[in-house]
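J.: Sharing a structure with you now.
The values are calculated or read from the model by the stated rules, or taken from the named source; none is laboratory data. Only a predicted model underlies this, so the values are computations on that prediction, with no experimental measurement involved. Methodologically, a virtual Cβ is constructed for each residue, glycine included, from the backbone with ideal geometry; neighbour enumeration extends over all protein chains shown.
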Ligand SMILES: Nc1nc2c(ncn2[C@@H]2O[C@H](COP(=O)(O)OP(=O)(O)OP(=O)(O)O)[C@@H](O)[C@H]2O)c(=O)[nH]1
Ligand SMILES: [Mg+2]
């Protein structure tokens, strides 16, 4: 009775004063999720520092936050004390290494981590502002290894369907060459034969090696994502599977493990996060994909389309009685986590690392992303979808250089580990799906530029390109 | 990290290929992208029309009542001087009481504003030192009744050269004793709360009682901090307390550790809590409320 009353009071406070935005930051590995989150947190904190010390690091968001009298309605931003089971996102550590004298980019993410911000804002109406005081917007952000993302589309498939798809893909170049040992092994395996533990372990190791080989040549559509990590001694036994067509004892055993893996993903990853979010940003490292050749680009396109389709149709987590996928619902705080219909409000697709592209071509990058994602995302019923080309951390400056006697738009940046700035010419960025003539055999990895100078106490924010527009677009309406 | 190995002889350059050029002579070692975000002062929004509206209405009402009173007293004088004087005395007394009440409210509002101002100043840079010291002096003077060594602190204020030193001084010699006093208020209320819950005839009354006692805790603690809230200011204060609680400490309100702590600091509560369900919870809430009110009234930024 008393506990109930106290719970009700806490919920009432949450209901009246707090609005929760669960922001899903999605993207394949290396897309820039961790950097994006670090810069977002840093710039929001710089914006919301105590009176007189804040900096307008996110002009477009500030504009969205202007009250009727022209002053910002923002009252403050702080990182909330951590609660819950997930590990805390090590924001301070990441900022420290980015802003160090010899700066370093964050290491690839190994596990899930969460950070929550409280953004205090004045209410909009004059009456509400006077009577009810400020409002708290709680922004929950999750970081995770990008490889895991492609496990979500996996949830929709049966073992047979997945095997057919995966093997068909594996038999096309350039995968076929990398996966030759595994494909040879498959040719010698009888799916109907008795399950041979040694052969299965060997098949798993070969499949895993094939996936890692594909990753090494820039391919991105690799399932299951967890196979890309180095095999560990404590890998659960159900992890040891590989795609196999046909029926029989071996196939049956593998199908069982596949199903166990699906359950595992659903429980540890999907249920903790992907079921409940109301805003989503999908980061795509389009430039790297473009330069890694046709197969890598098509892989990225496939992944983007798959994720967008998941947004539309759900992840096979089951449909609700009203026929809408679960992903379209977020729990209401008032009902204590029960799922009530509330559509995903907004989705932003972002081509990251746009600081590798001079200003004039950024629009092309954005259009290319739109061409890629729109066919799959276009069917999204509710959410407002926006497309951006942005850099969470601006590491370059626009300039011009003479290339083969002609003046060209370039960006200037210091390659990590070098002592002097160089000009980088990004080449053609098509503004729509590239024609066949675009592709050549050359393979080019994007230079890794040294992060810019960042004031270590966080008072000046992190230089960025267009982060404010993304934020204004994504959460401006809820502030 | 670098382009694919290019053939030694200059190949015809395809315009579309990405290219990382060699550094030019004198190229800088660090790129300055010209990032210089302008300062952004998060000021409180300016007063709105609502204030004028309320002011206008109040002026109308006051002048109407004043004129009516004058004509009424004139009327009385015309009947008999004695009646007239009686009327003057009555109105005068009424007006005086209103004025006292209004002054009290005004003082309380000013007190709240003073806390806000000092909080802003204390969080600010060293440059504001004189203003900071003056505001601190005001605050210490206001909390003098609850502070045994107020004079010594006032003398020590002049010795503080930097904002950090001033903050440290205020924290150690003003905020700490006040917080202790608030703790005493909380323990007293906790004991009373537990005892009262024990004798209340119906559990549904617990909440009503706890609410009333809670308001008193807020006012007692506020008084300790030099704020003597009137009725209106009490509401503003209660709102602020709720806000502070929700932002900082709301979640541990009922945590087991909290319960244990109160049980050990307020001995009487333990016996009551063991015997009567709910007594412990009421006690914890009141105790906690005192602490939260104290942090809402405390102008020092968190250490
Ligand atoms: N110049 C520049 N480089 C960026 C930017 N964002 C990301 N990068 C580069 O991309 C790399 C990968 O970024 P991360 O944020 O670690 O990528 P992630 O999506 O978290 O990757 P996983 O943790 O493996 O899933 C960084 O180490 C940077 O080198 C950007 O805005 N500008
Ligand atoms: Mg990461």
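J.: From B:45, B:37, which residue is farther than 26 Å from residue A:445 by Cβ, surrounded by 13 or more Cβ atoms within 10 Å (Cβ to Cβ), at pLDDT 80 or above and at the interface with chain A (Cβ under 7 Å from one of its Cβ atoms)?
T.: After applying the criteria, what remains is B:37.
J.: Can you tell me which of A:455, A:410, A:429, A:385 is assigned to a strand (DSSP E or B) and either within 7 Å of another protein chain (Cβ to nearest Cβ) or over 21 Å from the mean Cα position of the chain (by Cα) (or both)?
T.: Unique residue meeting the criteria: A:410.
J.: Scan (1) at pLDDT 90 or above; (2) at positive phi for the single condition residue A:396 breaks and write down its number.
T.: (2)
J.: Are there helices (runs of 4 or more DSSP H) fully within segment A:167-228 with at least 3 residues that are under 21 Å from the mean Cα position of the chain (by Cα) and either within 18 Å of residue A:295 (Cα to Cα) or at pLDDT 90 or above (or both)? List them.
T.: Filter on segment A:167-228 gives A:197-216.
J.: Please enumerate the residues belonging to segment A:74-110 that are away from ligand 2 (no atom under 15 Å from the Cβ), under 15 Å from residue A:41 (Cβ atoms) and without any contact (Cβ under 8 Å) to a residue 24 or more places away in the chain.
T.: A:81, A:92
J.: Any chance segment A:254-264 includes a residue that's closer than 23 Å to residue A:180 by Cβ and touching a helix residue (DSSP H, G or I) at 6+ places or on another chain (Cβ under 8 Å)?
T.: Checking segment A:254-264: at least one residue is closer than 23 Å to residue A:180 by Cβ and touching a helix residue (DSSP H, G or I) at 6+ places or on another chain (Cβ under 8 Å).
J.: Identify, please: which residue in segment B:15-30 is farther than 10 Å from residue A:422 by Cα and under 58 Å from the mean Cα position of the chain (by Cα) and is, among those, nearest to the other protein chains (Cβ to nearest Cβ)?
T.: So the residue we want is B:30.
J.: Is it true that some residue in segment A:140-151 is away from ligand 2 (no atom under 16 Å from the Cβ), modelled with pLDDT of 85 or more and within 18 Å of residue A:22 (Cβ to Cβ)?
T.: Scanning segment A:140-151, I find at least one residue that is away from ligand 2 (no atom under 16 Å from the Cβ), modelled with pLDDT of 85 or more and within 18 Å of residue A:22 (Cβ to Cβ), so the answer is yes.
J.: Sticking with this one: How many of the residues in segment A:101-122 are more than 22 Å from the chain's Cα centre (by Cα) and either within 13 Å of ligand 1 (Cβ to nearest atom) or under 30 Å from residue A:415 (Cβ atoms) (or both)?
T.: Total meeting the criteria: 3.
J.: Is it the case that residue A:40 is in contact with a strand residue (DSSP E or B) (Cβ under 8 Å, 6 or more places away or on another chain), within 13 Å of ligand 1 (Cβ to nearest atom) and modelled with pLDDT of 90 or more?
T.: It is true that residue A:40 is in contact with a strand residue (DSSP E or B) (Cβ under 8 Å, 6 or more places away or on another chain), within 13 Å of ligand 1 (Cβ to nearest atom) and modelled with pLDDT of 90 or more.
J.: While we're looking at this one, here's another question. One residue is enough: does segment B:95-114 have a residue meeting the conditions at pLDDT below 85 and not in a helix (DSSP H, G or I)?
T.: no
To keep it simple, each residue is scored yes or no on (1) surrounded by 15 or more Cβ atoms within 10 Å (Cβ to Cβ); (2) over 25 Å from the mean Cα position of the chain (by Cα); (3) within 8 Å of chain B (Cβ to nearest Cβ).
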position: A:424; (1), (2), (3): yes, yes, yes
position: A:447; (1), (2), (3): yes, no, yes
position: A:469; (1), (2), (3): yes, no, no
position: A:473; (1), (2), (3): yes, no, no
position: A:476; (1), (2), (3): yes, no, no
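J.: Looking only at residues in segment B:73-113 that are touching a residue at least 40 places away in the same chain (Cβ under 8 Å) and touching a helix residue (DSSP H, G or I) at 6+ places or on another chain (Cβ under 6 Å), which one is nearest to residue B:227 (Cα to Cα)?
T.: Once the filter is applied, the top-ranked residue is B:108.
J.: Select from segment A:59-117 the residues that are under 30 Å from residue A:416 (Cα atoms) and within 12 Å of another protein chain (Cβ to nearest Cβ) and list them in ascending order.
T.: A:59, A:101, A:102, A:103
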